1. When only residues in the stretch 796-821 that are in contact with a Ser or Thr (Cβ under 7 Å, 6 or more places away or on another chain) and outside any loop (DSSP other than H, G, I, E, B) count, which is surrounded by the most Cβ atoms within 10 Å (Cβ to Cβ)?
2. When you go through Arg283, Arg222, Arg216 one by one, which is the residue that is among the basic types (Lys, Arg) and either in contact (Cβ under 8 Å) with a residue 24 or more places away in the chain or assigned to a strand (DSSP E or B) (or both)?
3. State whether the residues of the stretch 411-433 include one that is within 16 Å of ligand 1 (Cβ to nearest atom) and crowded, with 16+ Cβ neighbours inside 10 Å.
4. Sort out which residues of the stretch 1-29 are surrounded by 14 or more Cβ atoms within 10 Å (Cβ to Cβ) and under 30 Å from Tyr528 (Cβ atoms), and write them in order of number.
5. Ala405 passes all but one of (1) in a loop (DSSP other than H, G, I, E, B); (2) closer than 27 Å to Ala200 by Cα; which number fails?
6. Which number in (1) part of a helix (DSSP H, G or I); (2) within 27 Å of Glu676 (Cβ to Cβ); (3) without any contact (Cβ under 8 Å) to a residue 60 or more places away in the chain; (4) not polar (S, T, N, Q) marks the one condition that Lys788 misses?
7. Among the residues of the stretch 124-162, write down those that are touching a Ser or Thr at 6+ places or on another chain (Cβ under 7 Å) and either more than 16 Å from ligand 1 (Cβ to nearest atom) or touching a residue at least 24 places away in the same chain (Cβ under 8 Å) (or both).
8. Scan the stretch 537-561 for residues that are in a helix (DSSP H, G or I) and aliphatic (A, V, I, L, M) and jot them down.
Amino acid sequence: MEERYDFKKVEERWQRLWQESKTFKVTEDPAKPKYYCLEMFPYPSGRIHMGHVRNYSIGDVISRYKRMRGFNVLHPMGWDSFGLPAENAAIKHGTHPAKWTLENIAFMRDKQLKRLGLSYDWDREVTTCLEEYYRWNQWLFIKMYERGLAYKKLSYVNWCPSCNTVLANEQVEDGLCWRCSSVVQHKELEQWFFKITAYAEELLAYTDKLTGWPERVLTMQRNWIGKSVGVEVDFSVEGVGEKLAIFTTRPDTLYGVTFMSIAPEHPMLESLIKGKREADDVRAFVQRVMREDKAARTDEAHEKEGIFTGAYAVNPLNNERVPVWVGNFVLMEYGTGAIMSVPAHDQRDFEFAKKYTIPVRVVIQNAEKNLDPATMKEAYIAEGTMVNSGPFDGTPNGKGKEAVADYVERKKTGRRTVNWRLRDWGISRQRYWGTPIPIIYCEKCGVVPVAEKNLPVKLPTDVALTGKGQSPLAESKSFRETTCPTCGGKARRETDTMDTFVDSSWYFLRYCSPRDDKAPFDKKAAGYWMSVDQYIGGIEHAVLHLLYARFFTKVIRDLGLFNGDEPFLNLLTQGMVIKDGAKMSKSKGNVVDPDFILTKYGADTARLFSLFAAPPERDLEWSDQGVDGAYRFLHRVWAIVYRHSRDVLNVKPAGAEARGDRLYRKTHLTIKKVTEDIEREFHFNTAISALMEMVNEMYDYTTDGVSTDLQRAVLRSAIDTLTLLISPFAPHFAEELWASTGHPAHIANEPWPQHDPEAIKASEVTIIVQVNGKVRSKLTLPAGTSDKDAEAAALADPKVKEFTRGNPPKKVVVVQGKLVNVVV
Ligand SMILES: [Zn+2]
Ligand SMILES: [Zn+2]
C-alpha cells in the first residue's frame, strides 16, 4: 500500500478497471429484485455544473448502495439533446446544431461525467437527437393522432415582425425579440396539440397514490391540473346581443357582485367598447398587457391593473347593472375568460375595488355580525350566513352554494360545471433542432400521417439557420415537397418540429432496451425494469416535465405497450447549489467549475463534500473549507489504514467473540446508523458524520498500538467495514483501500455489511446530571438502570451535594438513559 493518497492515480485506475470489466453493465435477471435509479438527464450545453455533480452523486450513492444490498440496479445516463441553444449557436457561429451537440456530449461524457466515477451502464446511453430515438417520438405521435390525442387548432405564438419569425418564450426578453429588440406581437397559427386534458381526472387522482413524492411537488401538480367545481352563469350586457358567461366556485356570493372583469384577449371586448368614449384607452391598455408574461400576470405579487370598458352587465339574480372592467389578472385560458368580482369575499377583488373605488357589498355575514364594507380591511372568505341575497337571506353559505346553483339552473341562466386549469399541450415549434412532426398535407386527402414504414422523417441537413423567416424546415424544398402516401399526388410536409419536452416524456422507457429498432422499447424489458424506483432531479421540473412524463406513461399504457400507471414511484427533488447566498450563475460571478475541484481534489472529495454539506433536498451552500474538510477526511482514513495495513493484513476479521470490545461495538453501531440514514430519506450527511466518528474512535483505539490478537481482529473488521460503508460515497478511494488490504475482488461487487445486534446492546450509558437545568456532572451507569436508581446515583454525586447541602431536593426529573435534573 502506498503511503500517500494520490487521488489522480487512484481515480484513473478504477475508472479504467470498471470500464474494462463492465462492472455496471446490467441485464434483466428475474432471479434478482430490480432497482431502477434515475437522475434527470442533462441538456448537453457543453459543461456540467455543480448542480449536476450533486444530482449525479446522490443517484450514484443510491445505486451503489442498492447494488450492495443485492438489487439488480439499472442506472443509466443520456442526453436531452434537442433544443434551442444548439440552434442559437448555429445562428451565431454557423456551427451545425448536430455537430455542436455531439461534440458537447462527447466532452461532457468522456471528460467530465466519467471522471466522477458514476456507476452508469454506458451501453444504455440514450441521445434524443439521434434518428434511432426520435423516430419513436414520431411513431408515438402517429399512434396518438390515430386516437385523437394529437390534433391541430389555432393558437397564439410570439411573433417578431422584423425577423418575420416565431419566437420561443425563451427568446422573448421583456416583451422584445432577443435578436433585434422589436416589440413581440401575438399571432394566431395552426398548431399541434396533445390532448393531455383527456387524462386530467386520472392525473389528478393518482397524485394521491404517489406516496413516494414530496408533498410540495404533488401540490404543485394538483394546482396545475386545477380542478374546480362550480357554476357557469350568464350575464347579459346592455346594448350587446351576446351574453357574458362567467365561471365561479362561489355561487353563494353571486348577490355580492359589484363589477365584472374580463381578459384583455376576450373575444367580446370589441363589441363591449364599440362606440364608447373609453374605447381608445381600453385598446391601449390591452396592447400593453398582452405584452406581459401570462404566468407573471396571474402571480399573486403582480400589480393588479384594470380599466373600465364603459359597458354594463346585468346580474341575472337581482337584475343589478354592474360595470365591466378589463383586468390584467384574467386569462382567456382559464374558465370563460371573464369573472364576476365580489370584493367583500375575495381578496384580489377587494384590493382591486379599493384601488379603483368600486363599491363593496357584504353578502356573507360572520357570526359576530360586524362585517361592514366601510371598516373592512380585507375580504372575508370564511363561512357565514347569507345576507343581502334576496330569497337566500339567512341561509348558511355552505348550503347556499348548492341552493344558488339549483336556482341558477332552474332559471336557466347558468349550469353546474367542472373547470380545469390544465390546457392541452401545444407541441408545435417553428424551430429546426427538434423532431419533425410526421404529417403530410395533401390537397386531395387533407391531413395524412406519414406511414410507419417511412419513419423516421429525417431532419434535413440543407437548412441555413438564420433566425429569420418562417420555420427553418420550410426553407428546405427537398424536405417540404413530397407525395401523398394515400393518393400519390403532390403534397407538402408539416414543417414544425416537436417541443423537446416530448423527448423527455418517455426516455426512461427507452433505457430499458435502448437499441431496440422494432419498437420504442421492449415490452418485456420494460415490464422487468419499470417503474423507476427512484427519480432524482431539480424542483424546477416539478410541474411540466413530470406531468408530461406521467401523461405519456398513461397513453403508452393505453396503447398496450406497458402495464403500469405511473413512471416514477419515488421522487427526490434535490436543492440548489448556492454560493455567497445565491444560486451559482454566470451573471452573479459565483460559479465554481467542477473541473477545478476534480483537478485539485479529485472526484471522491467532490462527491463526499456535496453529499456531506446538506441533506439532498436542501440547498447546499458552497464552502471551500467544506471541500478541504472532505479532502482531509479521506487522507485521515487513508493514513490510519496505511499505518495498520501490516498489522491486519493476514488477520481474520473479528466476530461474536469481540462483542465486549468498544471499537467492535462502534463498528456495528456505525453500520446500523449509516444503513438507517441512507434508508431514511437518504440522509447522507449524517451517515458521513457517523463514518467520521468511527474514524475518530479508530484513532483513539490505536493510540497505544494494537498488541493483542483480539485487537488486531477488531481493527481488521473496523477497517473492512469502514471501507465498505464509505464505498458508495467515495468509490475509487474505497476500491483502492479494499485492494490494498488484501481483498482480491472489487468492492463494488461486495455485499453491504450487516450489524450484529448483540454487539451494540449498550453495556453502559452516560447520564447527564443537571442542577436547576445546568449541567454539573456526568455519570456512567449500567444500561437499563431504573429511574429510581439513576436518581439516587445523581443525588449521591459530590457535585450535586454541593448544591443540595444535605437538604432534600424540590423536584427530580429523570429522562430514561439520558438525563437527571435536580431542582433545588
Ligand atoms: Zn426580431
Ligand atoms: Zn392524397
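The numbers here are math on the coordinates, done by the rules we state, and not lab data. This is a predicted model, so every value here is computed, not measured. So basically every Cβ, Gly included, is an ideal-geometry build from the backbone, and we count neighbours across all protein chains shown.
1. Narrowing the stretch 796-821 to residues in contact with a Ser or Thr (Cβ under 7 Å, 6 or more places away or on another chain): 797, 799-800.
In the following step, the residues that additionally are outside any loop (DSSP other than H, G, I, E, B) were identified as 799-800.
Details: Lys799: 13, Val800: 21.
In this case the residue turns out to be Val800.
2. Numbers: Arg283 fails: either in contact (Cβ under 8 Å) with a residue 24 or more places away in the chain or assigned to a strand (DSSP E or B) (or both); Arg222 fails: either in contact (Cβ under 8 Å) with a residue 24 or more places away in the chain or assigned to a strand (DSSP E or B) (or both).
Answer to the selection: Arg216.
3. Keep residues of the stretch 411-433 that are within 16 Å of ligand 1 (Cβ to nearest atom), which gives 430-431.
Pick out the ones that are also crowded, with 16+ Cβ neighbours inside 10 Å and you get 430-431.
Yes, the stretch 411-433 contains a residue that is within 16 Å of ligand 1 (Cβ to nearest atom) and crowded, with 16+ Cβ neighbours inside 10 Å.
4. Trp14, Gln15, Leu17, Trp18, Thr23, Phe24, Val26, Glu28
5. Of (1) in a loop (DSSP other than H, G, I, E, B); (2) closer than 27 Å to Ala200 by Cα, only one is false for Ala405: (1).
6. Going through (1) part of a helix (DSSP H, G or I); (2) within 27 Å of Glu676 (Cβ to Cβ); (3) without any contact (Cβ under 8 Å) to a residue 60 or more places away in the chain; (4) not polar (S, T, N, Q) one by one, Lys788 breaks only (2).
7. Our first condition is that a residue be touching a Ser or Thr at 6+ places or on another chain (Cβ under 7 Å); within the stretch 124-162, this holds for 127-129, 133-134, 137-138, 160-162.
Residues satisfying the conditions are Thr127, Thr128, Cys129, Tyr133, Tyr134, Asn137, Gln138, Cys160, Pro161.
8. Looking only at the stretch 537-561, we keep the residues that are in a helix (DSSP H, G or I), and these are 539-541, 544-558.
Once the filter is applied, which keeps residues that are in a helix (DSSP H, G or I) and aliphatic (A, V, I, L, M), the stretch 537-561 yields Ile539, Leu544, Leu546, Leu547, Ala549, Val555, Ile556.
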